[in-house]
Every structure is written in C-alpha cells, then in structure tokens.
Amino acid sequence: MLRALIVEDNLFFREAFKTSLHEHLPSVVLEEVGSGEEALQRINGTPPDFIFTDIRMDGMNGLELAQKLKRDFPRIRIAMVTGYDFPEYRRAASQHGVDRFFVKHSLEWKEIEEFVQSFPKNNQ
Amino acid sequence: MGSDAETRGTLIAEIKDLRARLAETEKALLAAQKSRNNHVSKHAEDEIRWGKERNHERVKASELLQFEKVEHRHSEEELGKTREQLRDVSFQLLLAEETERKRIAQEIHDGIGQHWATVKLRVERILDRLGKEIATPLKEILPIIQVGMEETRRIQMNLRPALLDDLGILATISWFCREFRKAHPAIRVETKIDLQEDDIFNPVKTVIYRLLQEALNNISKHSKTTLVNLTLQKKEGVIELIIQDSGQGFELDAVLTLKSYQKGLGLSGMKERTHLSGGSFWIESTKGIGTAIRASWPLLENR
C-alpha cells in the first residue's frame, strides 16, 4: 500500500488538501505534519513513498527539506505544492530534487493521480 | 730781555689754558662716553627683555595651538564616530523596515492567501459533487476567488517579494524583469548577470532589489526609452550594479531640487540606501542620450 506524507503549516489548507487527495486516491495512506522538522522525524521512522510539501514554512522550508530527503531517502518521490507559480520556483524546486510541481490555486487532480500512480514504474 | 720774559709768561699762560681746556674736553668726552655706554646697554637690555617676552608669548601660543590641534582632532574623531553611529542606526532602521515588510507580507500570505486557496479547493470539491444545474451558476464564484488570490499575492509581492527570501536576489531580478516586461512591452530589458548568489552580502541584496525597483519605475514613467541595460557583476574587488537607459535623459540639478523626488525612494533615497549599506552611488544623465545609475559595494571577502 502506498503511503504519502503531507507537509503543510496551514492547517485549513492541509485538511482541505488531505480530504481531496483522499477522494482522488482512496487507496493511498495519508499522513500529515506541520513543518519540515516534523517531517524529518516522521520519515526517520518509516519513510513514505510520496511527500507533498509546501515551500514557505516557518523553520526549514520545503526546498531544504527536499534536498535533505533526496540525499538521505532517494526513493521518496517529492511533490512541491505551492502558491507561487513562477518559473524561478520551478527551477529551484527541480535543482533541490523535487520531482513534480503543483500550484495550490489551480490543482490539477489528474496530474496528481498520474504522479502517484506512476510510482512503481519509476522505481523499479 | 723784558720782552722775552713777557713772551714766556704769555706762553705759560696759554699752555695752562690749553691744559685746562684739554682736561675739560677729556672730562666731557668721558662723560659723553659714559652716557652713551649707559644708553646702549639700556637699549640692549630692553631688546633682550622684549625678545624674552616675545619668546614666552611664542611658546604660550605654540602650546595653545598644540592644545587646539589635539582638541580639534578629538572633535573630528568624535564627529567621525557619531557619523558612523548615525550611519549604523540609519541602516538598522532600513533593515528593520524591510523586516517589518517581510513580516506583513508573510502574514498576508499565511493568513489570507492560504485561506483563498483553501476556499477554492473546498468550493471545487463541492461543485464536483453537485448536479450540473446547480453547479454551473455556482462556478461563477471561482473567477472571483481567483481575482482575490491574485490581488492578495500582488499586495504581498509589492511589500516584499517572497523570492528574495526564498530564492535570493538573482531569482528576484529574473522575476522582476519578467513582470516589468509584461507591464511595459515597449521597453526591452537586457540583463547581464556575472556573479554568484553567494558573492553578495544579504542586506545588500535587498538594497539591490530596491534600487532596481526604483530605477525601472523611474524609467517607465519618465525616460521614454525602448531599451534598458541591466548589469550585475563582480569586478575589481566590487559588486557593481549598472542600470542604463537610452531615453531622453534629464538635467540632474533640476531633478534633484524638485520636491517630488522625495516621494517614493527617489534619487536621494537610492543614494542613501547605497551609502548606508556600505556602497557608492553615481548617477549620470544627458539630455537626448539617456541616464545611467551605478552602485557598487566591496566584495564580501573584502569587508
């Protein structure tokens, strides 16, 4: 069973995203944390298959988190979910090891589903 | 013989007389000499005394001058220190203003921007479940939410672009120039960046962004140019920012005396920010040829 971790410091968005994600991908087990630091602690236990992380967070930001995860857990697939739809953020995300980039105010659920469903194929 | 005796008597009398006159003359001469000597020595004494007095005055004046020199140097040192302190305080004030802008921008993002995104996500989810008949008119709410989100982001980015803190000055310049081109399609902006993000001291990054913002704002308002050249480079021990347009130029003195230049950042604000952050600022403008501003800061390793 696939497992995904949502890293988002805004509780309202986190809940709404989790609800919608669950509706689109009911078979994926969802977990959530409110910061990059918490995410690292959680991942050190049992690493998930996916991470959906915000960029702007108090403390460690999403880019730093992605860089650490790519180094220590290269198998985890990382998606950035952010409100900043600028090429500069996309470029930085890709340089920090982020696999996919989703924009908060225009989430394409089809793309998110494809991203999750492509997991076993990409990791064989 | 009688006459011989008479003659002898007369001669003796004459000799006596001559002797007496000689004695008198000698006496007078001695007196005159004495008096002259007295006079000369008094004069010399006066001279010496006068000389001594003058010398004393000169020593006193020299001491006074020395004292004043030391005092002056102390005052200059004090003034220098005060100026330096003032510069530090002013720069701290500028940094505090930027920190405050950052805080407000972040609160707008976290408090309002995130809520818009959540509302949109929730509304879309509800719309997906509703029948077409009810969903279609309700969908009209989505563009309104979208405008709200964009407005919120515009206000936030105007306060301080999130890119500056998340990604750095180079990404911020790239974003800002693209936004500028979108707003002013008639003006071509050519950029030449020849340094690394880490070459620039963090507080200077903010100053570079504010200079760029002000310069491009002035260019779009007044220059009537079609081309802007922006250079940010590492050169001969300094970080150098040059923003040059080929517009109509202006008379520097006239612009500097205008009261309106104090609005916004203005030329004086650009100069002040550069100086406060440890840099140097130049502006040159020629009517009919264009305007160039140049700001430079010592490289990080030279600080």
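Tell me the relative contact order for chain A as a rounded percent, counting alpha carbon contacts under 8 Å between residues six or more apart.
22
Could you give me the ³J(HN,Hα) list for region B:121-138, computed from phi with Karplus coefficients 6.51, -1.76, 1.60 and θ = phi - 60°, whole Hz, x at Gly and Pro?
With coefficients 6.51, -1.76 and 1.60, one gets 4, 5, 5, 4, 5, 5, 4, 4, 8, 7, x, 4, 4, 8, 5, 4, x, 6 Hz.
Give me the net charge for the shell around B:Ser296: Cβ to Cβ below 11 angstrom, other residues only, Lys and Arg +1, Asp and Glu -1.
Net local charge, B:Ser296 excluded: +1.
As I understand it, the dipole of the protein assembly as shown uses +1 on the Cβ of Lys and Arg and -1 on the Cβ of Asp and Glu, about the Cα centre. Which of B:Leu252, B:His109, A:Ile76 lies farthest toward its positive end?
Checking the options against the dipole of the protein assembly as shown, the answer is B:Leu252.
Could you state the per residue volume, in Å³, of the convex hull enclosing the Cα atoms of the protein assembly as shown?
Looking at the protein assembly as shown, the number lands at 284 Å³ per residue.
How large is the charge dipole for region B:1-160, taken about the Cα centre, if only the Cβ atoms of Lys, Arg (+1) and Asp, Glu (-1) carry charge, to the nearest 20 debye?
So the dipole magnitude of region B:1-160 works out to roughly 420 debye.
Regarding chain A, what whole-number volume in Å³ per residue does the convex hull of its Cα atoms give?
Each residue corresponds to 98 Å³ of Cα convex hull volume.
Which lysines have a Cα lying under 25 Å from the Cα of B:Lys81, excluding residues fewer than 8 positions away in the same chain?
Reachable lysines: B:Lys69, B:Lys271.
Of the cross-linked pairs B:Lys34/B:Lys60; A:Lys70/A:Lys110; B:Lys102/B:Lys139; A:Lys70/A:Lys104, which ones have a Cα-Cα span greater than 32 Å in the structure shown?
Values: B:Lys34/B:Lys60 39 Å; A:Lys70/A:Lys110 25 Å; B:Lys102/B:Lys139 34 Å; A:Lys70/A:Lys104 23 Å.
Listed pairs above 32 Å: B:Lys34/B:Lys60; B:Lys102/B:Lys139.
Debye sum, Cα scatterers, region A:43-116, no solvent: what log₁₀ I/I(0) at q = 0.26 1/Å?
Values, matching the q order: -1.31.
Return, for the Cα atoms of region B:79-201, the radius of gyration and Dmax in Å, separated by a comma.
21.3, 78
Could you work out, for chain B, what percent of all Cα-Cα pairs fall into each 10 Å distance bin, beginning at 0 Å and stopping at the bin that holds the largest distance?
Calculated P(r), rounded to whole percents: 5, 16, 18, 13, 9, 7, 5, 4, 4, 4, 4, 4, 3, 2, 1, 1, 1, 0, 0, 0.
Project the alpha carbons of region B:1-160 onto their principal axes and report the range along each, largest first, in whole Å.
190, 21, 8
Order by neighbour count: A:Thr53, B:Thr118, B:Thr286, B:Thr10, fewest other Cβ atoms within 10 Å first, most last.
The fewest-first ordering by Cβ neighbours comes to B:Thr10, B:Thr286, B:Thr118, A:Thr53.
Could you work out the percent of alpha carbon pairs in region B:168-303 separated by over 24 Å, rounded to a whole number?
26
Using Cα pairs closer than 8 Å and at least 6 residues apart in sequence, work out the relative contact order for chain B, in percent. The partial results should precede the final answer.
Numbers: 269 pairs, mean separation 37.3, N = 303.
Over chain B, the number comes to 12 percent.
Only residues of region A:48-90 count here: report those whose backbone N is under 19 Å from the spot 7 Å along Cα→Cβ of B:Thr191, or say none.
From region A:48-90, the list is A:84-90.
May I ask you to list the residues of region B:29-63 whose amide nitrogen lies under 16 Å from a point 7 Å from Cα along the Cα→beta-carbon direction of B:Lys69?
B:58-63
Just want to confirm a number: the relative contact order over region A:1-71, from Cα pairs under 8 angstrom separated by 6+ residues, in percent.
Relative contact order, region A:1-71: 40 percent.
Treat the count of other C-beta atoms within 10 Å as a stand-in for reagent exposure and order B:Thr274, A:Thr46, B:Thr152 from fewest to most.
Lowest to highest Cβ neighbour count: A:Thr46, B:Thr152, B:Thr274.
Along the charge dipole of region A:3-122, Cβ charges K/R +1 and D/E -1, which of A:Phe115, A:Gln41, A:Met60 sits furthest on the positive end?
Highest projection toward the positive end goes to A:Phe115.
Could you tell me the distance between the Cα centroids of region A:66-124 and region B:169-199, to the nearest Å?
Computed from Cα coordinates, the inter-centre distance equals 26 Å.
Cut-off is 10 Å between beta-carbons; in what order do A:Ile78, B:Ile155 appear when sorted fewest neighbours first? Can you show the working numbers first?
Working: A:Ile78 23, B:Ile155 15.
Listed from fewest to most nearby Cβ atoms, that is B:Ile155, A:Ile78.
Please compute the volume of the convex hull spanned by the alpha-carbon atoms of region B:95-137 and report it per residue in Å³. Can you show the working numbers first?
On the way: hull volume 2.3 nm³, N = 43.
For region B:95-137, the hull spanned by Cα atoms encloses 53 Å³ per residue.
Regarding region A:30-72, what is the average projected area of its C-alpha convex hull, in nm²?
That works out to 2.8 nm², a quarter of the Cα hull's surface.
Taken together, the values in this text are just the output of simple stated rules run on the coordinates, not laboratory data. Not measured: the values here are computed from a predicted model. In this analysis, Cβ positions are derived from the backbone assuming ideal geometry, glycine residues included, and neighbour counts consider all displayed protein chains.
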